[in-house]
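Let me begin by presenting the structure, written as structure tokens, before commenting on it.
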Amino acid sequence: MHFIQFLDIIKIMKIYQTKSAKLPGTDWREVYKRSFGLYKQIKRKTKRQPYIRSAYFQKDKIFLEIFWHHLHEKQNFRDKVRRLKLFPAVIELIQNSRIEPSCIENPNKPKELLYRFTGVTSDKELFVVQIKKEKKNNKKWLISAFPAKR
């Protein structure tokens, strides 16, 4: 795909451009060490559940625990590494993006809304971030992040 076409797609689709690149490496331990290091920095700032504040949700907290549980449930190491490499860009997108995501009601649990944000890393990798919002108490959780198919 040509670079000019790619920029046109970003303008049309309302995609957030991050300054973060994907983490380098292909080995699980190497990528995990860097991404979990970033997570530990975030975790150190609170005594309770680790969270980041979201620009789109008017600085509401987005909790990060479910993301790590979801990641460790995956059996495929390649898939885990693929998702972990995006972690710095995911954090940046959540903290800074004011672009409206797609939103649907969770088909399995009608008491939840699922938000899907689309972003692109500085090295032009398209990715999707999924956030779950509980209707009852307005809590928001980072569920998943994965590279998007072009």
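The values are calculated or read from the model by the stated rules, or taken from the named source; none is laboratory data. None of the values given here were measured: they were computed from a predicted structure. Reconstructed Cβ throughout: ideal geometry from the backbone, glycine too, with neighbour counts over all protein chains shown.
May I ask you to list the residues in region 60-87 that are outside any helix (DSSP H, G or I) and either under 16 Å from Lys132 (Cα atoms) or touching a residue at least 24 places away in the same chain (Cβ under 8 Å) (or both)? I'd like the intermediate steps shown before the answer.
Residues of region 60-87 outside any helix (DSSP H, G or I): 60-64, 74-76, 85-86.
The answer is Asp60, Lys61, Ile62, Phe63, Leu64, Lys85, Leu86.
Given the options Leu113, Leu142, Leu86, name the one that is among the aliphatic types (A, V, I, L, M) and surrounded by fewer than 19 Cβ atoms within 10 Å (Cβ to Cβ). Selected residue: Leu113, the only one of Leu113, Leu142, Leu86 that is among the aliphatic types (A, V, I, L, M) and surrounded by fewer than 19 Cβ atoms within 10 Å (Cβ to Cβ). Within region 88-137, the only residue that satisfies the criterion of being in a helix (DSSP H, G or I) and of a type in the set (Asp, Glu) is Glu92.
Can we say Glu105 is without any contact (Cβ under 8 Å) to a residue 40 or more places away in the chain, more than 20 Å from Ser20 (Cα to Cα) and among the acidic types (Asp, Glu)? Please lay out each step first, then the result.
Numbers: without any contact (Cβ under 8 Å) to a residue 40 or more places away in the chain: yes; more than 20 Å from Ser20 (Cα to Cα): yes; among the acidic types (Asp, Glu): yes.
Judged against the criteria, Glu105 is a match.
Does Phe36 satisfy the criteria of being closer than 23 Å to Lys132 by Cα, part of a loop (DSSP other than H, G, I, E, B) and either touching a helix residue (DSSP H, G or I) at 6+ places or on another chain (Cβ under 9 Å) or modelled with pLDDT of 90 or more (or both)? The answer is no for Phe36. Apart from one condition, Lys111 fits all of (1) under 21 Å from Phe36 (Cα atoms); (2) out of contact with any helix residue (DSSP H, G or I) (no Cβ under 7 Å at 6 or more places or on another chain); the exception is (1).
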